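Before any comments, here is the structure.
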Amino acid sequence: MNTLQQIRFIWKPFIFLLCLVPATMVVTDVFGLTGSLGANPVEAILDRFGNWGLRFIMITLAITPLRRMTGWNWLSRYRRMIGLFTFFYIAMHFTTWFVLDRDMLLSEVVEDLTKRPFILVGFTALLILTALAITSFTAIRRRMGRRWQILHNAVYIVGILGVWHYWWQVKKDITEPLIYAAVLATLLGARIIWRLARRRKQRRAALQAQVQS
């Protein structure tokens with residue numbers, strides 16, 4: 001079995017199941033099989049799905065820098081799957097809020113979106129993620145051409161909005177949002193540094209070409 005076959009038939013199914021573990025733990029805790037959701041189960045479910053959504057955003061954003069630093073190009077084969085799990089957990093976070101917290105009352109949803117800015121920020125991130133998830137499939141990617149990459153660079157905006165949403169929501173202890181912000185700043189900083197280095201390299205190559213001509 002070659003490397004591509006191992007990725008397809010062994011590692012991808014394994015990582016898929018691993019990504020499902022947090023959601024499975026929520027379900028089993030709801031029924032008291034593996035733990036408890038505490039005194040406020042709705043808030044606990046919201047927090048779990050939201051936190052895991054942020055973690056998956058960070059993992060998705062970390063794949064390209066890690067691939068560049070290590071030369072492990074096979075990491076890119078997991079990016080779409082992990083990105084879709086990001087959408088899944090953020091969508092579950094929203095669904096929990098809409099169904100269990102707001103009782104599917106559109107009037108309350110509209111009120112929250114207009115009067116609680118951190119919810120509007122989170123909802124904007126969900127809308128962008130929805131667009132990214134819909135356009136993540138190969139056939140759509142081919143049809144979009146260069147526009148696909150431009151759209152999918154918006155994942156960094158999702159990361160910023162996600163951290164912002166969490167930070168704004170927390171009232172006292174900002175330790176966890178600060179950690180996410182630091183991780184996101186590092187990932188964005190690495191991307192900016194690489195882009196500037198690539199532009200400098202292109203300028204040097206252009207100058208050398210002019211001199212030689």
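Values quoted throughout were computed directly from the atomic coordinates according to the rules given, and no laboratory measurement underlies them. Predicted, not measured: the structure shown is a model, and the values here were computed from it. Quick reminder, even Gly has a Cβ in these numbers, built from the backbone with ideal geometry, and neighbours come from all protein chains shown.
Descriptive notes on the structure:
- Across the stretch 183-198, rounded Karplus estimates of 3J(HN,Hα) from the backbone phi angles (6.51 cos²θ - 1.76 cosθ + 1.60, θ = phi - 60°) give 4, 5, 4, 5, 5, 5, x, 4, 5, 5, 4, 5, 5, 5, 5, 5 Hz, Gly and Pro being marked x.
- Eligible lysines near Lys172 by straight Cα distance, threshold 22 Å, same-chain separation 8 or greater: Lys115
- Full extension of the segment from Ile15 to Asp103, taken as 0.36 nm per residue of separation minus the current Cα-Cα distance, would add 28.3 nm.
- Over the chain, dividing the summed -39,500 (n - 2.57) contributions of all DSSP H runs of at least 4 residues by the number of residues returns a 222 nm mean residue ellipticity of -26000 deg cm²/dmol.
- Neighbour cut-off at most 13 other Cβ (10 Å), DSSP loop, chymotrypsin sites (Phe, Trp or Tyr not before Pro), the stretch 19-57: Phe31
- Ranked by the mean number of other Cβ atoms within 10 Å per residue, highest first, peptides 79-87, 10-18 order as 79-87, 10-18.
- Centre separation in Å (Cα based) which lies between the stretch 64-126 and the stretch 8-36: 18
- A quarter of the convex hull surface defined by the alpha-carbon atoms of the stretch 160-213 gives 4.2 nm² as the mean projection.
- Here, P(r) means the percent of Cα pairs in each 5 Å bin from 0 to the largest distance; for the stretch 30-212 it is 1, 7, 13, 17, 17, 14, 11, 8, 5, 3, 2, 1, 1, 0, 0.
- Computed extension gain for Leu151 through Ala182, at 0.36 nm per residue and net of the alpha carbon distance, reaches 8.7 nm.
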